[in-house]
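Single-structure report; data block below.
The values are calculated or read from the model by the stated rules, or taken from the named source; none is laboratory data. As the structure is a prediction and not an experimental result, all values here were calculated from the model. Virtual Cβ from ideal backbone geometry, glycine too; neighbours counted across all protein chains shown.
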Amino acid sequence: MTIATILRGKGSHVISVLPGDRAREVARTLTRHRIGAVLVRDPDGRVLGIVSERDIVRAFATAGELPVDLPAEEMMTRSLATVTPGTKITEALALMTDRRVRHLPVLEDGVLCGMVSIGDLVKARIDAAVAEAEALKEYVATA
């Protein structure tokens, strides 16, 4: 099973913020959409980085007096771990474990196709296991 399978069910829409958006607004965006990370994109849509809840906490811990006014570009992680639609789910899970991240932008030829979370990947693995178990039950019942 690949990342493309997840995107077919989830869709390709990705919530993002601009580099100058302040921490307060980034946190509101995360809360409003009930998500754990947003991509930081320039006005042309190019991906510049990602801001996760962890990035916000880190920025608040090290910032000066007004951390809520920090721009996204100062909090974001610039070195992105990414996958393609053809990446196997097991490979994506391994990448998340190695890089200690919970969100992966999905890029194909440099173009953003979507984003997957650890929850998306775990759900896909569970769904596959349940389907396999059901298939085995059906096979045994009809044998």
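Across the range 102-141, which residue is surrounded by the fewest Cβ atoms within 10 Å (Cβ to Cβ) among those that are of a type outside the set (A, V, I, L, M, F, W, C) and part of a strand (DSSP E or B)? Show your work before the answer.
Quick first cut of the range 102-141, residues of a type outside the set (A, V, I, L, M, F, W, C) only: 102-103, 105, 108-110, 114, 117, 119-120, 123, 125, 127, 132, 134, 137-139.
Filter once more, so that each one left must be part of a strand (DSSP E or B): 103, 105, 108, 114, 117.
Values: His103: 22, Pro105: 20, Glu108: 15, Gly114: 22, Ser117: 18.
Ranking the qualifying residues of the range 102-141, first place goes to Glu108.
Within the range 75-88, count every residue that is more than 13 Å from the chain's Cα centre (by Cα) and more than 16 Å from Ser16 (Cα to Cα). Please lay out each step first, then the result.
Filtering the range 75-88 for residues more than 13 Å from the chain's Cα centre (by Cα) gives 75-76, 78-79, 85-88.
When the remaining residues are screened for being more than 16 Å from Ser16 (Cα to Cα), the result is 79, 85-88.
Here the count works out to 5.
Of everything in the range 50-73 that's in a loop (DSSP other than H, G, I, E, B) and not small (Gly, Ala, Ser), which residue is surrounded by the fewest Cβ atoms within 10 Å (Cβ to Cβ)?
The initial filter retains those residues of the range 50-73 that are in a loop (DSSP other than H, G, I, E, B), namely 63-66, 70.
Within this subset, residues satisfying the condition of being not small (Gly, Ala, Ser) are 65-66, 70.
Numbers: Glu65: 5, Leu66: 10, Leu70: 20.
If we take residues in the range 50-73 being in a loop (DSSP other than H, G, I, E, B) and not small (Gly, Ala, Ser), then Glu65 is surrounded by the fewest Cβ atoms within 10 Å (Cβ to Cβ).
Out of the residues in the range 1-34 that are farther than 23 Å from Met75 by Cα and of a type in the set (Gly, Ala, Ser), which is surrounded by the most Cβ atoms within 10 Å (Cβ to Cβ)? Talk me through it step by step, then tell me what you get.
If we filter the range 1-34 for residues that are farther than 23 Å from Met75 by Cα, which is where we start, we get 1-12.
If we keep only those that are of a type in the set (Gly, Ala, Ser) too, we end up with 4, 9, 11-12.
Values: Ala4: 15, Gly9: 10, Gly11: 9, Ser12: 12.
So, considering only residues that are farther than 23 Å from Met75 by Cα and of a type in the set (Gly, Ala, Ser), the one surrounded by the most Cβ atoms within 10 Å (Cβ to Cβ) is Ala4.
Only residues that are assigned to a loop (DSSP other than H, G, I, E, B) and either on the phi > 0 side of the Ramachandran plot or free of Cβ contacts under 8 Å to residues at least 60 places away in the same chain (or both): list them for the range 36-49, please. Full working, then the answer.
Step one: list which residues in the range 36-49 are assigned to a loop (DSSP other than H, G, I, E, B), which gives 36, 42-46.
Selection gives Asp42, Pro43, Asp44, Gly45, Arg46.
Which of the numbered conditions does Ala94 fail, given that it passes all the others? Conditions: (1) under 20 Å from Lys123 (Cα atoms); (2) in contact with a Gly (Cβ under 6 Å, 6 or more places away or on another chain); (3) among the aliphatic types (A, V, I, L, M).
(2)
Applying the selection to the range 81-101, what residues are closer than 18 Å to Asp55 by Cβ, of a type in the set (D, E, K, R) and either assigned to a strand (DSSP E or B) or in contact with a helix residue (DSSP H, G or I) (Cβ under 6 Å, 6 or more places away or on another chain) (or both)?
Correct list: empty.
Is at least one residue of the range 54-63 at pLDDT 95 or above, of a type in the set (Gly, Ala, Ser) and either at negative phi or over 17 Å from the mean Cα position of the chain (by Cα) (or both)?
The answer is no, given that none of the residues of the range 54-63 is at pLDDT 95 or above, of a type in the set (Gly, Ala, Ser) and either at negative phi or over 17 Å from the mean Cα position of the chain (by Cα) (or both).
Among the numbered conditions (1) more than 18 Å from Asp42 (Cα to Cα); (2) modelled with pLDDT under 95, tell me where Glu74 comes up short.
Going through the list (1) more than 18 Å from Asp42 (Cα to Cα); (2) modelled with pLDDT under 95, Glu74 breaks only (1).
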